[in-house]
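Data first, discussion second: the structure below is written as structure tokens.
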Amino acid sequence: AYVNGHYQDLRDASVNIEDRGYQFADGVYEVCEIRDGKIVDFARHMARLQRSLGELRIAMPMPLSALLIVLREVVRRNRVGYGIVYLQVTRGVARRDHGFPPAGVKPSLVVTARPLSFAKNQDTAAHGIKVITHPENRWPRVDIKSVALLPNVLAKQAAREQGAYEAWYVDADGYVTEGASSNAWIVTTEGRVVTRSAATGILAGITRAVLIEALAALQLRFEERPFTPQEAHDAAEAFVTASSQIVMPVVAIDGQPVGDGKPGKTTRRLREEFHRFSS
Ligand code: PDD
């Protein structure tokens, strides 16, 4: 792990107990996919990191070029060919007080990297995942990739306890917003690929953005609009996107099969072709 200027064994890596990330969840994070030892879509992740930090008025902990070196070094030290790199920036260490700390307190930076099993991920994708629906109960600023994830933790746990992998939030108007840690999509019986606009209610996923570009290149019809759980039930296919799983087929929602209950062909194609469009 990298912690505030030092590379440490993950077991020994720790942060100050007065870190504002620990006391107030006053920080943001990014998760990038590692493929063939390389960080996928680094520039886009860094643009989103800078935006999240800007919204919270937290300074960048170091210039982007230096950050890239740190991320690469953590990936290298952990010998990650396939997996993820996690980066967290908090407002820093200060005596507990809700308002911002005095000028001069530096943001904290933590980076970890972890190999994932490509075979296991492929196997999950071959079978598809189940999702449950869950009332939207997060704060409205879900556009910020904040480490304040308690509602997401509870929704994910509710999914697990019902034998599902992901929870789809449903807003007060009855529309799906997104998953607890992914963006939500359907493919209609007419073959239109649908996901909600990033203007409200969701995190602007990097995988989502790259996939939208891929759809255009693959000449697949794309519709950016909200959909209801009922529409998802009636859809031909459904899937989720996130850096940690790219395109993951959804085969059941609240115990009801989606389409024929198997990963859909458009979904499979998008999963296979995705990395032609990532950078
Ligand atoms: N989650 N929406 C939410 C709420 C998320 O937490 C994530 C990612 C996404 C997808 O974003 P992207 O395609 O940029 O990964 C959407 C990460 C992977 C996580 O929390 O582990």
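The values are calculated or read from the model by the stated rules, or taken from the named source; none is laboratory data. Everything numeric in this text was worked out from a predicted model, so none of it was measured. Because the Cβ atoms are built from the backbone with ideal geometry, glycine has one as well, and the counts that use them run over all protein chains shown.
Odds and ends about this structure:
- Boolean, Ala113 is within 16 Å of the ligand (Cβ to nearest atom) and either within 20 Å of Ser182 (Cα to Cα) or surrounded by fewer than 19 Cβ atoms within 10 Å (Cβ to Cβ) (or both): yes
- Test: residue in segment 74-88 that is under 26 Å from Arg160 (Cβ atoms), among the hydroxyl-bearing types (Ser, Thr, Tyr), in contact with a Phe, Trp or Tyr (Cβ under 7 Å, 6 or more places away or on another chain) and not assigned by TED's automatic domain parsing to the domain that holds Arg35: no
- Some residue of segment 147-163 being surrounded by fewer than 21 Cβ atoms within 10 Å (Cβ to Cβ), in the same structural domain as Pro257 (by TED's automatic domain parsing), within 25 Å of Ser278 (Cα to Cα) and not β-branched (Val, Ile, Thr): no
- For segment 220-264, the strands (runs of 3 or more DSSP E) that sit wholly inside it and include 3 or more residues that are over 14 Å from Tyr175 (Cβ atoms) are 237-242, 246-253.
- Pairs linking a residue in segment 126-138 that is in the same structural domain as Thr241 (by TED's automatic domain parsing) to a residue that is basic (Lys, Arg) and not in a helix (DSSP H, G or I), with Cβ atoms under 8 Å and 6 or more positions apart or on different chains, are Gly128/Lys262.
- Considering residues of segment 182-218 that are out of contact with any Asp or Glu (no Cβ under 7 Å at 6 or more places or on another chain), small (Gly, Ala, Ser) and in contact (Cβ under 8 Å) with a residue 40 or more places away in the chain only, the residue surrounded by the fewest Cβ atoms within 10 Å (Cβ to Cβ): Ala217
- In this structure, Leu56 does satisfy being closer than 25 Å to Val142 by Cα, away from the ligand (no atom under 12 Å from the Cβ), of a type in the set (A, V, I, L, M, F, W, C) and under 20 Å from the mean Cα position of the chain (by Cα).
- Test: residue in segment 28-41 that is within 13 Å of the ligand (Cβ to nearest atom) and without any contact (Cβ under 8 Å) to a residue 60 or more places away in the chain: yes
- Listing of strands (runs of 3 or more DSSP E) fully contained in segment 68-153 that carry 2 or more residues being farther than 30 Å from Ala252 by Cα and at pLDDT 95 or above: 83-90, 108-115
- Residue match in segment 11-34 (condition: acidic (Asp, Glu) and modelled with pLDDT under 95): yes
- All positions within segment 107-134 that are farther than 21 Å from Tyr29 by Cβ and charged (D, E, K, R): Lys120, Asp123, Lys130
- Check on Leu49, assigned to a helix (DSSP H, G or I) and either over 17 Å from Val147 (Cα atoms) or of a type in the set (Asp, Glu) (or both): no
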